[in-house]
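The values are calculated or read from the model by the stated rules, or taken from the named source; none is laboratory data. Nothing here was measured: the structure is a model prediction, and the numbers come from that model. Reconstructed Cβ throughout: ideal geometry from the backbone, glycine too, with neighbour counts over all protein chains shown. Note: areas computed on protein heavy atoms with side chains; ligands, DNA, RNA excluded. Shrake-Rupley method; radii C 1.70, N 1.55, O 1.52, S 1.80 Å.
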Amino acid sequence: MLKIKKFAYTAFNHNNIFQEGELNAENERDAYITLQHQGLITVELKEIEKNFSKQISEYLEKFKVGDKWTALFFRQLSMTLDVMNLNDALNLFLLSAKNKTQQKILQSIINDIKRGKSLADSMQNHSQIFSHNVIQMINIAQKSGRMQEISERLADRLEKNYKSRKKLQSALYYPAVVFIVSLFAAAVLINVMLPTFASFFESQGSSLPELTLFFMKSAIFVSENFLSIFSSIIFLFVGFIFAYKKILPVRIFFDKLFLKIPFIGKLICYREWMNAFGSLSFLIESGIQIDDAVGMIAAATSNKYLRSIWLDIKYNVAHGDNLQSEIFPTEYQGLIATGEASGTLSDMLRRCEKMSEFELEEFSNQIPVKAEIFGTLFVGLIVAGIVFAVVLPILSIGL
């Protein structure tokens, strides 16, 4: 007996008006199809009857599988389909699986295919591992008989996404560590060293300067109210995460704000452009209509502000306009316009992808150097302020 699931969705209708709602479907793919038949452009679709234990289980499954396993899966699939059928290829992957979670996923897919399901439908049970866009592309591949070709392209696309994501993460690790160490050093200086010096000067009957008193009172306030301050920070953090995850206007506002952060905003933008233009080129070459391809790009974009931009582009393209937006960098706009005019849009989109990849590489290489400079400056200013607060009483005694 088929189990009907309940999904919550956010979408735009044919008049580009935002709306939210719920619907029942057997799986996520059927829910997307239902919304498409209703003339809705899906922004987000989530199953709402998942209990907490199931959510934890899905997260652990994704963590244990590893970030690059999906790309490796399609790479192996593209290499084996020319010498064996799909079922034999999957059984071969099962033998080479590195952990029990990978074995469990592969065995589940094999069992579903034996029961008559397609590969795309069998992947629906592992939507945390295989994204909606990936499943759609596999569905197209099976219907068109181009499984090997599209699997190879998917592998290339997923490998690039994995490398760019890891590059961005590694570039941000260093400034995060510098900031945390800076805060720790400041806390030690204020709460350990400064009180020792202040006690000595007070024993000499000297009045402390205002700067020294400010640091002292701040340290005392933090130590006496540590639990309240810590609890407030946790409460605000959890509240922010909840609002960011659950309230779409809040998510769009902060996603737009993140793009305006100096340096980091450009890093996020170039990664998004690289993924979007590369995927869009891939989808167009695979035979997808441009407006449908743009809709798939919107669904796969993690930044909700940029997603809303792509949805506007989809609406415009569906009504006969060109694939343009003021948010695209100027050099990309020229390439895209040239591609549309000359019938080489897919090729021009690949050039945009390569340009974004180059810019991402350049910015990623600059982050550790800039983080070291600003981190050292940040720590230096804090230490200088505290040292000055200690030196002032000494100077007052000398006078």
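Can you tell me which of M84, M1 is over 25 Å from the mean Cα position of the chain (by Cα) and either modelled with pLDDT of 85 or more or part of a helix (DSSP H, G or I) (or both)?
Numbers: M1 fails: either modelled with pLDDT of 85 or more or part of a helix (DSSP H, G or I) (or both).
Result of the check over M84, M1: M84.
Restricting region 249-281 to residues that are touching a residue at least 60 places away in the same chain (Cβ under 8 Å) and open to solvent by less than 20 Å² (accessible area, probe 1.4 Å), which is farthest from I336 (Cα to Cα)? Per the criteria, the residue is L267. Of all the residues in region 231-248, those that are within 12 Å of K304 (Cβ to Cβ) and open to solvent by less than 90 Å² (accessible area, probe 1.4 Å) number 3. When region 256-280 is filtered for residues that are assigned to a helix (DSSP H, G or I), of a type outside the set (F, W, Y) and either more than 22 Å from A293 (Cβ to Cβ) or in contact with a Cys (Cβ under 8 Å, 6 or more places away or on another chain) (or both), the ones remaining, listed by number, are K256, L257, I264, G265, K266, L267, I268.
Of the residues making up region 319-358, those that are in a helix (DSSP H, G or I), in contact with a Gly (Cβ under 9 Å, 6 or more places away or on another chain) and closer than 13 Å to I290 by Cα are L345, S346, L349. E47 passes every criterion in (1) of a type in the set (D, E); (2) modelled with pLDDT under 70; (3) crowded, with 16+ Cβ neighbours inside 10 Å apart from (2).
So which residues in region 329-370 are hydrophobic (A, V, I, L, M, F, W, C) and either open to solvent by 60 Å² or more (accessible area, probe 1.4 Å) or modelled with pLDDT under 85 (or both)? A341, M355, F358, L360, F363, I367, V369 - these are the residues of region 329-370 that are hydrophobic (A, V, I, L, M, F, W, C) and either open to solvent by 60 Å² or more (accessible area, probe 1.4 Å) or modelled with pLDDT under 85 (or both).
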